[in-house]
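Inspection log for the structure reproduced underneath, given as structure tokens.
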Amino acid sequence: MSKIGLFRENTKIALDSIRTHLLRTVLTVLIIAIGITALVGILTLVSALENTIMKDFASMGANTFSISQYDFSERTRQNSDEEKINPIISYPQVKEFKDKYDYPFTSTSLSFTATTTAEIKYESEKTDPKVTVMGVDDVFLPNKGLEATKGRNFTGFDIENNNFVCIVGSDIDKDLFKDVNPLDKTISIRGAKFKVIGVLKEKGSTFGNNQDFRVLIPIQIARSLFSAPNINYDVSVMIANKDLMDQAVDNATITMRRVRKLNPVEENNFGIERSDELINTLLSNTEVLGISAWVIGIITVFGSSIALMNIMLVSVTERTREIGVRKSLGAKKSTIAWQFFTETLVIGQLGGLVGIILGVLIGFGLSAALSFSFSIPWMAIFAAVITSLVVALFSGLYPAIKASKLDPVEALRYE
């Protein structure tokens, strides 16, 4: 018999044995699948989170930064014994900053969130009272990486003359206007009439915050309609040459310190967020989740390896007489070893396949629930295939060697 024929025969015997002990095989496959599922599921979720971060923040480019009451690290800090309280950034301060900040090749945008509970009306249609209304200027869209798919952006004329015009998010377009072209239609916000001049490109949700359910209006009109006390303003700066980012940020820091009237020994009481640093900070946090996935996966897979090895050793013991018969008929040690090793490989790969499918499905489900941007996690799948192969090699080697070394005479006597 040729080597190829012998290989086929041994593989057929191994598969027949798996079918004979179907319940045991299924249980073993499930044990391995649990470990692979944990690994692939978490890695899939981490990959989706990274995709969401890159999608939501990378559009801003590496040449923007913003000034706000707190920076990202301070807002997300949880282990601080004493939380730092910064005063709000008022409109006179942002206006003074814009007037004084004259770094070359930069454009400065002022904005604020007027409300997150507005109700928008168009003829007999109206939205739920959960629309975000923002007061912005004519450079807000490019500075934030936004664009209008229909219509246009605000012009300097719109902002300077306080024209009652607005740009709506894509969800408002779908809710209010249905099959009607929204451009030049009039909507009502707190009784004020605004002409729609543009519709924002769909952005989706970011960490539960719907970016498409908002309306942008000129900043001065927003200030007159929404005159709540202690309104906090944001500044966004874009620089044409990203190589000058460090100098631009330093210059902005000095300017803002002067606006806030800080003396040289006082710390900054505002935050500056660079888009590139923000992305890196968020991505570094996902690395912890990735490491956790590997730790959980390795621990579970190690347990699966022990279980698989134990089951194969039991299988060797149960089939001692069969091994004795095959050896007495001339089967070589390598033939016996390959038969048991093939069984282990098949079971290991089946466990890996089931684990990959379940892991991807779980990762997809969680990504959809959390509004993350899902993509097929090829790296996680590759890792799972390699892991299941390593499990099979580790678990199958010793039982296969033990089976091949059985003495045929003693094996035939075994009851």
Checklist outcome for this item: Counting only residues that are within 19 Å of Ile18 (Cα to Cα), open to solvent by less than 60 Å² (accessible area, probe 1.4 Å) and among the basic types (Lys, Arg), segment 316-329 contains a total of 2
Checklist entry - Hey, does segment 394-401 have a residue that's at pLDDT 75 or above, touching a Gly at 6+ places or on another chain (Cβ under 8 Å) and open to solvent by 70 Å² or more (accessible area, probe 1.4 Å)? => result no
Next on the checklist: I need a count of the residues in segment 309-329 that are in contact (Cβ under 8 Å) with a residue 12 or more places away in the chain and either more than 48 Å from the chain's Cα centre (by Cα) or not in a helix (DSSP H, G or I) (or both).
Outcome noted: 8
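Rundown of residues vs (1) among the aliphatic types (A, V, I, L, M); (2) surrounded by 15 or more Cβ atoms within 10 Å (Cβ to Cβ), yes/no style:
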site	(1), (2)
Thr132	no, yes
Ala148	yes, yes
Phe157	no, no
Asp184	no, no
Item to check | Whichever residue in segment 98-126 is exposed (fewer than 13 other Cβ atoms within 10 Å of the Cβ) and polar (S, T, N, Q) and, among such residues, is nearest to Asn181 (Cα to Cα) | outcome: Ser124
Item to check | Hits in segment 330-358 - residues which are assigned to a helix (DSSP H, G or I), open to solvent by 20 Å² or more (accessible area, probe 1.4 Å) and more than 18 Å from Ala383 (Cα to Cα) | outcome: Lys333, Ser334, Ala337, Trp338, Phe341
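Test Gly191 against the stated conditions and say whether it is open to solvent by 10 Å² or more (accessible area, probe 1.4 Å), on the phi > 0 side of the Ramachandran plot and without any contact (Cβ under 8 Å) to a residue 40 or more places away in the chain.
Taking the combined requirement at face value, the residue satisfies it.
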Checklist entry - Can you name the number of the only condition in (1) modelled with pLDDT of 75 or more; (2) more than 26 Å from Leu313 (Cα to Cα) that Leu370 fails? => result (1)
Checklist entry - Pairs, please: C-beta under 7 Å, at least 6 apart or cross-chain, first residue touching a residue at least 40 places away in the same chain (Cβ under 8 Å) and in segment 365-385, second of a type in the set (A, V, I, L, M, F, W, C) and part of a loop (DSSP other than H, G, I, E, B)? => result Ser367/Phe374
Checklist outcome for this item: Flagged in segment 229-264 as more than 21 Å from Lys95 (Cα to Cα), outside any loop (DSSP other than H, G, I, E, B) and open to solvent by 80 Å² or more (accessible area, probe 1.4 Å), in numbering order, are Lys242, Asp243, Asp246, Gln247
Checklist entry - Assuming Asp137 fulfils every condition listed in (1) acidic (Asp, Glu); (2) more than 30 Å from Phe105 (Cβ to Cβ); (3) crowded, with 17+ Cβ neighbours inside 10 Å apart from one, which condition is it? => result (2)
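Considering only segment 55-111, state which residues are polar (S, T, N, Q) and modelled with pLDDT under 75. If you could, list the steps in order and put the result at the bottom.
Let us first name the residues in segment 55-111 that are polar (S, T, N, Q), namely 59, 63-64, 66, 68-69, 73, 76, 78-80, 86, 90, 93, 106-109, 111.
Scanning segment 55-111 gives Ser59, Ser73, Thr76, Gln78, Asn79, Ser80.
The values are calculated or read from the model by the stated rules, or taken from the named source; none is laboratory data. As the structure is a prediction and not an experimental result, all values here were calculated from the model. Positions of Cβ are backbone-derived with ideal geometry, glycine not excepted, and every protein chain shown enters the neighbour counts. These area figures cover heavy atoms from the full protein model, side chains too; ligands, DNA and RNA do not enter into them. Shrake-Rupley method; radii C 1.70, N 1.55, O 1.52, S 1.80 Å.
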